[in-house]
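What follows is calculated from the coordinates using simple rules that are stated; it is not laboratory data. Since the model is a prediction, treat every value here as computed from it, not as a measurement. In this analysis, Cβ positions are derived from the backbone assuming ideal geometry, glycine residues included, and neighbour counts consider all displayed protein chains.
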Amino acid sequence: MAQSDKPRWQELEIGCIVTDPGSTRYYKTGDWASMVPVTDPERCARCGLCWVFCPDMARIRDQRTGAFDVNEFYCKGCGICARECPTNAITMQEVTD
Amino acid sequence: MTRRVGMEVSFALSEAVKNCNVDVISAYPITPQTHIVEELSQMVADGDLDAEFIMVESEHSAMAACCGASAAGARTFTSTASQGLQLMSEIVFIASNMRLPIVMAVANRSLSAPLSIWGDHSDVMANRDSGWIMFFVESGQSVHDHVYIAYRVAEDSRVLLPTMVNLDGFQLTHVIEPVELIEKADLGDFLPPYDPQIQLNPLKPVTMGPAGTPAMFTEAKKAQEVVTWNSRAIIDEVWEDFGKRFGRHYKAVETFHTDDAETIIVSMGGLSGTARAAVDKMRKEGKKVGLVRIRLFRPFPAEDLRRILSPAKVIAVCDRAISYGGPGGPLCSEIKSAFFGYSGAPYIANFIIGLAGRNVWVTDFEHIADRAQQLVLQEEPAPYEIIGLRE
Amino acid sequence: MDINVYAARMLPQAEYFAPGHRACLGCGHGISLRLIMKAMGPRTIVSNATGCVEITSSTYPQTSWRVPWIHVAFETAASVASGIEAAIKALQRKGRYPEKERVTILAVAGDGGTADIGMQGLSGALERGHDFVYVCMDNEAYMNTGIQRSSSTPYGAWSTTSPFGAKSIGQKTWKKNMPAICAAHGIPYVATVTPAYPFDMVDKLRKAKEVEGPAYVHVFSPCPTGWRLDPSMTVQIARLAVQTGAFPLYEIVDGKIRVTEKPKKLLPLIEYMRPQRRYAHLTEEDVKKIQKRVRSEYRKLLKREKEGY
C-alpha cells in the first residue's frame, strides 16, 4: 500500500520511515521523456546491453521474440540504449503526444 | 542483594551501564567524561560486559555510530561533554527525530571559548531543542539509578526517544559518594531486553531517514511533539515502578521544605546538594526558605512547577548557563514562560551561579535567598545577577 | 564493438534498486546502483550519505530501496555503517538478531561525502577494520546541491564554485587520490570501477563483499547534468575515461596493485574531454598539460604493478 505524500500527523510511521520497499515503482518517470527509443526487432541481437545500461530499468524483453523494447512507464528518454546498442537497432524519436 | 559502596560517581554510572547489558558503546573521550568510558573499556576487555565498543575518531562519529547501532536494534550507550556535545549536535537532533532510543550520559561542562574543562550547564542548554528526554541528577545514587530508568523509558514502545542523563562535570563525575549498587540479578524484569519497533533487518526492509517534503514536515514535527509530551506519563510510571522495587522514589520536581516557604530556591543538577544544606541552615534560623530541584528538564514539568511554586512570594532560579543577549538564564526563562498568562505567579528572580566550575558555597545560597527577598520588595522585574562576579 | 559485454545474461536479473527514482536522464548513478545492488544481493543493509543517490531514491513517501536502508547525515556514511556492523556483530553473538546469516553492510556516499566532509568518518571506519563495503559514487563535484567543486573535481574542470574566468582555469587542484588514501590504511581490498565495464564492476564488488574487513570501491559515475554532457553519452564517456587513462581501472588486494584494464594505446585525452562542456574553455596547452599528468599517473600504476606492490 503506497504511503500518502500528504499524511495526517497520526498516519506517519515512527521516525517517518518508509515501509514499502521499492515504492518509487509507482512513480511514472516516463512523463519526463521528450524522446523515446524505438527498437527494430529484426536488428536486435538480444544481447541485453540496453538492459544492462539503462539507469531506469526501462528495458523489457519480449518473451516470445526475445527482442528488447522500451518500458514507457519509466523511460526518461536519455538515449543511452540507442547509443550503446551494438547493432544500431535503437533510434530515438520525439514524443508526439 | 544490594551493595553499598563508596565509589567515584563515574564508576557508578559505568556499573549501571554494564548491568544494562548494552550491546554497543560508541564513545570518544573528553574531560570530564573520560572515567566513564575508560571504565567501560576495561569492563569489555575483561569480558565483564559483552558489548562492541567502537573507538570512534570523533564525537560526531560517536553519535552517528550510535544511530546506526540503535537502528539495527542494539541497546546503545554513549557519553560526552561540552565541545563533544556541540560537535555531535547535528546528529543529536537527528537521533531524536529518527526515534532511536540511545542513552547518553552528559558530563555537563562549559563551552569554549575560553577553553574550560570545568562544569556548568551551557553544553546541554545549547541542545535544549534537540528533542531528547533530559534528566538532571545530583548524586551518585541518582546517577546510578537513572541509567536503568533512562533505558526503560527510552526503549518503551510508547516513547522511543533518546535520553540524556546530565551530571555535573567534576562536581559529580569525579567525586566519591556512597552508592547502593543494584546488581544485574536484582534488576529482574525492570529492564526487559530491547525489542525494537523499527529495525534495519534484511528480512523486513525499511527505509529510515528519508528526505522530507514541505507537504509533510509539519506533520512530522507535530508527531514528534506529541510523543515527547506523552513520554511524561511513562516516565512517571517508570519512576513509580522503580520506587516500588528499589525503595527510591523519584519525581520530576523534588521539593524540600516548600510547603510554607515564602522564598523558594530552584536549582538543577549537582549544586542542589549545597542548596539543600543552605536551606537546612536557613530553616534552623527560622527563615521560611524552601528548595525545588528539577529532575526532569525535557519534557518540561511546567504544571508541576506552577503548582509547587505559586504559593511562594519569590522564587530564586539558579542557572548554570547564560543565554547571551537574551532573557538571562535558560532555566529561568523557561520557568517564567511556564507562568506567563497564569495569575498568582510569584516574583521570579534569576541568579547565575557556578559557571565553569566556580565554587558555590552554602553562603552563596544564603545570599541568593536574601537578594531574592530584597528584589521582591521592589516589585519591578530585575535582570539576572551573577553570583560571585568580581567587579 | 566490445565483445566482452555480450554476456548480459550472466548478470543477476533481480533488481534491488527500483525504477521510478528521480535521478536525471542518463544519470551514471542509476546504472551504478543497479550493478552494485546486483553484486551485493538482498542480505545487505545500506548506510547512505546525503547526496544525489539519497535524495533521488528516498524522498518521502517513496523509496527505491528493496533492502534495509538508513540515511543520517552528509558525512556519516562510514560511521553509521560502523555502528550497524558492530550492532549486528553483538546481536548475532547474543542470538538476538532475526537474520542469522552474514549481512553485508554497504556504505554509499558521493565524492563530497567521501573525500571531503566524510573523510574523517571514512578514515576512522577503515582504521577500525569494520567488515563493510564502502562505495564512493564519484561524479566529481557536489552535484546534488548544484555542481559545486569537491576535492574530487579534476584539474581544469568547470564547476559553480570553480568556474573558469579571466582569472581562473576552473578547478585549480588535482583530483584527490582516494583509492590511494584508503589503501594507505592497510585495508584488504581497494578497487576502481565504472559502469561502462559492468562485468568488471560486478566482479570487483563481489570481491569487496566477500573480503573480511573493510573494502573501498571507487565508482566513476558520470553526471551528464554537471559535466554538461549529452545524457546518452554517460556510458561512452566512462569508457573513454578508461581508454584515455583519465580513470584507470585497477584493484589493490592486500596492498598489491593489479591494473585490470590495459588499453593497448591510450587514446588522446581530448577524446574524453571534447564531449563535456565543463572542459570546453581549456586551451590546447591546458589539455596537453593535463594529458601529460594523466599518462604519468597511469605509467606509475603500471610500474607499481610490475614491481609487485
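Does B:ALA16 satisfy being touching a helix residue (DSSP H, G or I) at 6+ places or on another chain (Cβ under 8 Å) and under 20 Å from C:ALA125 (Cα atoms)?
In short, no.
Test B:LYS281 against the stated conditions and say whether it is touching a strand residue (DSSP E or B) at 6+ places or on another chain (Cβ under 7 Å) and either closer than 16 Å to B:THR255 by Cα or of a type outside the set (Ser, Thr, Tyr) (or both).
Criteria not met by B:LYS281.
One residue is enough: does region A:69-78 have a residue meeting the conditions part of a loop (DSSP other than H, G, I, E, B), in contact (Cβ under 8 Å) with a residue 24 or more places away in the chain and either among the β-branched types (Val, Ile, Thr) or more than 9 Å from chain C (Cβ to nearest Cβ) (or both)?
Yes, region A:69-78 contains a residue that is part of a loop (DSSP other than H, G, I, E, B), in contact (Cβ under 8 Å) with a residue 24 or more places away in the chain and either among the β-branched types (Val, Ile, Thr) or more than 9 Å from chain C (Cβ to nearest Cβ) (or both).
So is B:ALA220 touching a Leu at 6+ places or on another chain (Cβ under 9 Å), over 27 Å from B:ARG245 (Cα atoms) and within 9 Å of chain C (Cβ to nearest Cβ) or not?
Criteria met by B:ALA220.
Within region C:204-233, how many residues are more than 14 Å from every other protein chain (Cβ to nearest Cβ), part of a helix (DSSP H, G or I) and surrounded by fewer than 21 Cβ atoms within 10 Å (Cβ to Cβ)?
Residues that pass the stated criteria total 3.
Quick check on region B:365-391: of everything there that is free of Cβ contacts under 8 Å to residues at least 60 places away in the same chain and in a helix (DSSP H, G or I), which residue is farthest from B:ALA277 (Cα to Cα)?
B:GLN378
Of all residues being closer than 25 Å to C:ALA157 by Cβ and not aliphatic (A, V, I, L, M) in region C:121-144, which is farthest from the chain's Cα centre (by Cα)? Just the residue, please.
C:ASN144
Of the residues C:GLU127, C:GLU140, only one is more than 14 Å from chain B (Cβ to nearest Cβ) and charged (D, E, K, R); which?
Going through C:GLU127, C:GLU140 in turn, just one is more than 14 Å from chain B (Cβ to nearest Cβ) and charged (D, E, K, R): C:GLU140.
Pull up region C:38-89, narrow it to residues that are within 15 Å of C:GLY110 (Cα to Cα) and in contact with an Asp or Glu (Cβ under 8 Å, 6 or more places away or on another chain), then point me to the one that is surrounded by the fewest Cβ atoms within 10 Å (Cβ to Cβ).
Checking each candidate, the answer is C:ALA73.
Rundown of residues vs (1) without any contact (Cβ under 8 Å) to a residue 12 or more places away in the chain; (2) surrounded by fewer than 23 Cβ atoms within 10 Å (Cβ to Cβ); (3) within 18 Å of B:ILE387 (Cβ to Cβ), yes/no style:
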position: B:GLY273; (1), (2), (3): no, yes, yes
position: B:ARG298; (1), (2), (3): no, no, no
position: B:ARG306; (1), (2), (3): no, yes, no
position: B:SER310; (1), (2), (3): no, yes, no
position: B:LYS313; (1), (2), (3): no, yes, no
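Here's the yes/no breakdown for (1) without any contact (Cβ under 8 Å) to a residue 24 or more places away in the chain; (2) not in a helix (DSSP H, G or I):
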{"site": "C:LEU91", "(1), (2)": "yes, no"}
{"site": "C:PRO98", "(1), (2)": "yes, yes"}
{"site": "C:ILE105", "(1), (2)": "no, yes"}
{"site": "C:GLY121", "(1), (2)": "no, no"}
{"site": "C:LEU126", "(1), (2)": "no, no"}
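Being surrounded by fewer than 19 Cβ atoms within 10 Å (Cβ to Cβ), within 10 Å of chain C (Cβ to nearest Cβ) and within 30 Å of B:PRO101 (Cα to Cα) narrows it down to one of A:THR24, A:THR19, so name that one.
Only one candidate qualifies: A:THR19.
State all residues of region B:223-253 that are touching a strand residue (DSSP E or B) at 6+ places or on another chain (Cβ under 8 Å) and either within 14 Å of chain A (Cβ to nearest Cβ) or farther than 24 Å from B:ASP186 by Cβ (or both); if no residue qualifies, say none.
B:THR228, B:SER231, B:ARG232, B:ALA252, B:VAL253
Give region B:99-130 a look and list any residue that's buried (at least 24 other Cβ atoms within 10 Å of the Cβ), under 29 Å from A:CYS16 (Cα atoms) and not aliphatic (A, V, I, L, M), or say none.
B:ARG99, B:PRO101, B:ASP123
Checking C:ARG96 against (1) surrounded by 21 or more Cβ atoms within 10 Å (Cβ to Cβ); (2) of a type in the set (Lys, Arg); (3) more than 14 Å from chain A (Cβ to nearest Cβ), which test does it fail?
(1)
Of the numbered conditions (1) facing another protein chain (nearest Cβ under 7 Å); (2) assigned to a helix (DSSP H, G or I), B:LEU203 satisfies every one except a single condition; which is it?
So the condition that B:LEU203 fails would be (2).
Being surrounded by fewer than 16 Cβ atoms within 10 Å (Cβ to Cβ), farther than 20 Å from C:CYS27 by Cα and without any contact (Cβ under 8 Å) to a residue 40 or more places away in the chain, is that true of even one residue in region A:81-89?
no
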